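Worksheet: one structure, shown below.
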Amino acid sequence: MLPSEGATILLTLRLAGSIPARAGRELHAQRVAAQQAANSPGAHRRAEKQFFLDFDALLDARTVGPAYLEREKLAEIIAGELLMLEEQGLQVPGFVLLPNHLHALLHLPANAGLSLYKAVELLHQRTAAQARRLLRGQLPPEADFWQTGFHELPIVDELELRRVQTYLQAHPQRLSLPERFHSWPYLPDKG
């Protein structure tokens, strides 16, 4: 389903190879089964939220794959590109960069000249190109920087938006990440 004008989503992008393939397939199968078993919009929504939480926990475990976003210069590049989306008409109410993935709240105002999907595609392309330059020699030429695709969770109301912002704000502390993850200016405001 395409997000409509006025929609807000929680976007998750992850580095290529950041979850074990088997675990990813199992999680996807659980998601499909839960969606098929959902007999109401509320049950479907709960299944989507559960998938997000399980998916995020798998990313947070960092059992495989790179942690390129621990590099401050690369994190700054990605944060800058996220904020550039605002110049293209989207609103970015908050985001958090973690070692192997990012979560960003994106809002598409009614007058935006860019779709959410086009914005994500541009974000993927621009940050991957810059990351390749920064990681020259460390990232094989044939390797992807970002995992293809992304996960989105539509935000249904203001209360949920505040809960998600709180979740993002506390994410680095929950993971006991080094202090620089807490003090980077990319975290959403508590206000």
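The values are calculated or read from the model by the stated rules, or taken from the named source; none is laboratory data. Computed from a predicted structure; not experimentally measured. Cβ coordinates were reconstructed from backbone atoms using ideal geometry, including for glycine residues, and neighbour counts include every protein chain displayed. Surface accessibility is based on the protein's heavy atoms, side chains included, excluding ligands, DNA and RNA. Shrake-Rupley method; radii C 1.70, N 1.55, O 1.52, S 1.80 Å.
Taking all protein chains into account, the per residue accessible area for the chain stands at 52 Å² (1.4 Å probe). Accessible area of residue 96 (1.4 Å probe, protein heavy atoms only, ligands and nucleic acids ignored): about 0 Å². Think of each Lys and Arg Cβ as +1 and each Asp and Glu Cβ as -1; about the Cα centre, that makes the dipole of the chain roughly 440 debye. The portion of the accessible surface of region 1-137 made up by carbon and sulfur, rounded to a whole percent, is 53 (1.4 Å probe; DNA, RNA and ligands excluded). Distance from the Cα centroid of region 11-35 to that of region 141-157 is 11 Å (rounded to whole angstrom). Pair-distance distribution of the chain: all C-alpha pairs, bin width 10 Å, starting at 0; shares per bin in whole percent are 8, 35, 39, 16, 1, 0. Only protein heavy atoms count here; under a 1.4 Å probe, residue 115 has an accessible surface of about 60 Å².
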